[in-house]
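Bear in mind these aren't lab numbers, they're just calculated from the coordinates by the rules spelled out. Not measured: the values here are computed from a predicted model. Note that each Cβ is placed from the backbone with ideal geometry, even for glycine, and that neighbours are counted across all protein chains shown.
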Amino acid sequence: MILQPLKLKGFFVFLLLLVFVSTGVESGAGGVVTGDLYESKCANCHGVGGKGTAMGPPHIDSKFLRNASDEEVFKVVKYGRRASEKQYKKIALPMPPWRDRLTDEEISALVEYMKALNK
Ligand code: HEC
C-alpha cells in the first residue's frame, strides 16, 4: 500500500523520459540544436515545426521532401529557388539562398531534419 504512490511517481518519470527520447529521435542527427536553427532561420516563412505560412510552403506532409534526394533539397537551401524557378506561384517571394549565412554542415543537418519530418 505504501509503495503505491512511489510506483506512480516512477511511472511519470518513465513517461517523461519517453517524451524526451522520442523528441530526440524525431529531430534527427542534429537533434535539438538543428531544431533551434530551423525555428530561428526557417520558421518565419515555413512555420513553427514546418507547418507552413503564407510566405513559405509546409515542410510536413511535403511531396518534395519525400521524393527529392538529399542533394536536391540541399541545393534548394544553399542556392535558394529563383523567381523564375518558383514552384509555388501563390507565394509572392522566392526561397532565399543560405550559402552566405549557413555552413554546408548546418545545411546538411537541416536537410536531415526536414527529411525526418516526412518519414
Ligand atoms: C523569406 C522566406 C523564407 C525563408 C526565411 C526560408 N524559406 Fe524556404 N522557401 C521559401 C519559399 C517562398 C519557397 C518556395 C519557392 C517556390 O515557389 O518554389 C521555399 C522553398 C523551400 C524548400 C523547397 C520546398 C518545396 O516543397 O519545394 C525547402 C527545402 C526550403 N525552402 C528550406 C528552407 C530552409 C531549411 C530554411 C531555413 C534555413 C528556409 N527554407 C527559409 C521561403 C523561405
(request) Only residues that are more than 18 Å from PRO97 (Cα to Cα) and of a type outside the set (Gly, Ala, Ser): list them for the range 35-63, please. (result) ASP36, VAL48, LYS51, THR53, ILE60, ASP61, LYS63
(message) So, restricting to helices (runs of 4 or more DSSP H) that lie completely within the range 26-119, which ones have at least 3 residues that are within 10 Å of the ligand (Cβ to nearest atom), touching a residue at least 60 places away in the same chain (Cβ under 8 Å) and not acidic (Asp, Glu)?
(response) 31-41, 104-117
